[in-house]
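Each reported figure results from applying straightforward, stated rules to the coordinates on display, with no laboratory input. All values reported here derive from a predicted model rather than from experimental measurement. No Cβ is skipped: glycine too gets one built from the backbone with ideal geometry, and neighbour counts run over all protein chains shown.
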Amino acid sequence: MTKKHKFPGKKLLVLALAAVLAAGLSGCHGAKEQSAFSIPEEFDTSKNYEITFWAKNDTNKTQTEIYKKAISDFEALYPNITVDLRLYTDYGKIYNDVITNIATETTPNVCITYPDHIATYLTGNDTVVPLDDLMADESYGLGGSKLEFDSVKSDEIIPQFLEECSFAGHYYALPFMRSTEVCYVNKTYVEKLGYTLPETLTWDFVWEVSEKAMEQNADGTYKINGQNVLIPFIDKSTDNMMIEMLKQKNAGYSTDSGEIQLFNDTTTDLLYTIADHVKTGAFSTFKISSYPANFLNAGQCIFAIDSTAGATWMGTHAPLVDISSDALVDFETEVMTIPQFDPENPQMISQGPSVCVFNKKDSQEVLASWLFTQYLLTNEVQTAYSETEGYVPVTSKAQESDQYQDYLSREGEDNSTYYDVKIKASKTLLENVDHTFVTPVFNGSASLRDAAGQLIENVTKSVRRKQEIDADYIAQLYSDVTSLYHLDQISASETSGKADLGPLPVESKILLVSLGAVWFFILLYLLLEKRKSRK
């Protein structure tokens, strides 16, 4: 009887080929993941670190001085850390510069930005540091024992604001300041038109009053202001306008997984309504007509929707104005929540800058960046910055501090630090935090936001150009905006910062077919061996 020769290493071969197959599958089509940051056991104070901080301000010198003082105070605590401040006047410019610098690995260390932008930054390899472990670290985390300052603890950050910085399964930022949108109302003109402001503005009320205000005198001037110019309703941010309207209507915008739902019947109906009021001249946008505060302060606007952070530009006695003093009109300014479809269930967007930390080769440099990021949440920085505009601090620790409570109590004491419109704007947000919402964050969500606003902008322009807004126009508009913002290239796989890598390359397909063939022959061999052993 012939001795059977068994294959002694067949199990090893199977295991080896399985490993090859797994490696092949994972290497062919995987999205880029951000690796966790390895926290040094000790911060090395014997070496010097220079970190860059990109921030934004609205040409507000007070804000600039607050940044500079925060940096100076921080450097006094950590003499081996130098913080270089680079100021921008627009978040979009920060975003564009970061995207450009990712390729050359010259991103800043710390950056004030928005979660929608961070989601795009995450398509780079290990670009943004996940903050979960850093936040929880006993030594250098929030409230850490080895910090040189009184750091805020995680439970002292307003939960809704902190949650905005969580996506892709991690915290990728800390909130810095928060604002929402409000409606700055010329109460004097509303009452002159025969109306009384309701407790909560509704869209029907705003449209009705705006149309009533369009009545003219025989000489062509408007009855309400005696001027040749009047745009009763101007919205500063049409992307927020569309997003908030859809949220209030419980209509689709996008899902958490990145599915785009913007182009729906409710959106179409809203665009028809907006077009009707553009046609009469009752509504326009910032991009088309200019800054709503300028019209409001000149008595040429009744309802001006803008961020609470823009409060110092609003009203007769605003400390910051962009028109000449002789053009100012005296009126009573009321600050109200944005118009609602359901006043019993108000919905308004939560917005405001957050702070992210970029990864670097030197973990000590990253830790230095994290220390500075935390410092921006200390009471002194939070309260000082919030007093410059209608922002609110992001921590309960700062909100409940004696300094901030004293600030709120002095509403109207002067027309600078305690300007009543500014403090009213802050109070509006503080009273409505539970009624705020945020939109899903994914790679492409920033483009979707722009697209939402573009729908209103295009319709407004088209009406002013005497174009007919009908079903064919809307269909073409949806197609044009989809193409303009590449929305057809956004897929659910991009959610949470993962990049859609497209179809598999030919080489990858060949590898998968080859590996499949190997597995087939292995199984065939094992089957034949089993049959032989039975015989």
Item to check | For segment 264-280, Karplus couplings with θ = phi - 60° (6.51, -1.76, 1.60), whole Hz, Gly/Pro x | outcome: 10, 5, 5, 4, 4, 4, 5, 5, 4, 5, 4, 4, 4, 7, 5, 4, 7
Checklist entry - Roughly what angle does helix 420-431 make with the longest principal axis of the chain, taking Cα atoms, 0 to 90 degrees, to the nearest 10? => result 40 degrees
Item to check | Mean Cβ count within 10 Å, highest first, over the residues of peptides 60-71, 379-390 | outcome: 379-390, 60-71
Checklist entry - How do 438-445, 269-276 rank on mean C-beta neighbours within 10 Å, highest first? => result 438-445, 269-276
Next on the checklist: Can you work out the Karplus-derived ³J(HN,Hα) for every residue in segment 78-92? Use 6.51 cos²θ - 1.76 cosθ + 1.60 with θ = phi - 60°, whole Hz, and x for glycine or proline.
Outcome noted: 10, x, 8, 10, 10, 10, 9, 8, 10, 9, 10, 9, 8, 5, x
Next on the checklist: Over the Cα atoms, compute the radius of gyration (one decimal) and Dmax (the largest Cα-Cα distance, rounded to a whole number) for the chain, in Å.
Outcome noted: 28.6, 120
Checklist entry - So what is the relative contact order of segment 161-232, in percent, for Cα pairs below 8 Å that sit 6 or more residues apart? => result 17 percent
Checklist entry - Relative contact order, percent, of segment 133-185 when contacts are C-alpha pairs under 8 Å separated by at least 6 residues? => result 17 percent
Item to check | Folded to 0 to 90 degrees: helix 238-248 orientation relative to the chain principal axis, Cα | outcome: 80 degrees
Checklist entry - For the chain, what is the relative contact order in percent, using Cα pairs closer than 8 Å and at least 6 residues apart in sequence? => result 22 percent
Next on the checklist: If you average the C-alpha positions of segment 270-290 and of segment 360-401 separately, how far apart do those two centres end up, in angstrom?
Outcome noted: 39 Å
Next on the checklist: Past 24 Å, Cα to Cα: identify those pairs from K236/K424; K47/K153; K68/K93; K223/K247; K236/K422; K236/K279, in the order given.
Outcome noted: K47/K153; K223/K247
Checklist outcome for this item: The helix 506-534 Cα axis meets the longest alpha-carbon principal axis of the chain at an angle in degrees, between 0 and 90 and rounded to 10, of 40 degrees
Checklist outcome for this item: For 291-302, 400-411, 241-252, 166-177, ranked highest to lowest by mean beta-carbon neighbours within 10 Å, the order is 291-302, 166-177, 241-252, 400-411
Checklist entry - R0 = 45 Å: FRET efficiency of N48 with S409, Cβ-based, nearest 0.05? => result 0.55
Next on the checklist: On a straight-distance basis, which aspartates and glutamates could pair with K192 in a cross-link, Cα separation under 15 angstrom, same-chain partners fewer than 8 positions away excluded?
Outcome noted: E208, E211, E215, D330, E332, E334
Next on the checklist: Rounded to two decimal places and with Rh computed the Kirkwood way over Cα pairs, what is Rg over Rh for segment 32-148?
Outcome noted: 0.97
Checklist entry - What GluC sites (Glu not before Pro) does segment 334-372 have in DSSP loop regions with at most 10 other beta carbons within 10 Å? => result E344
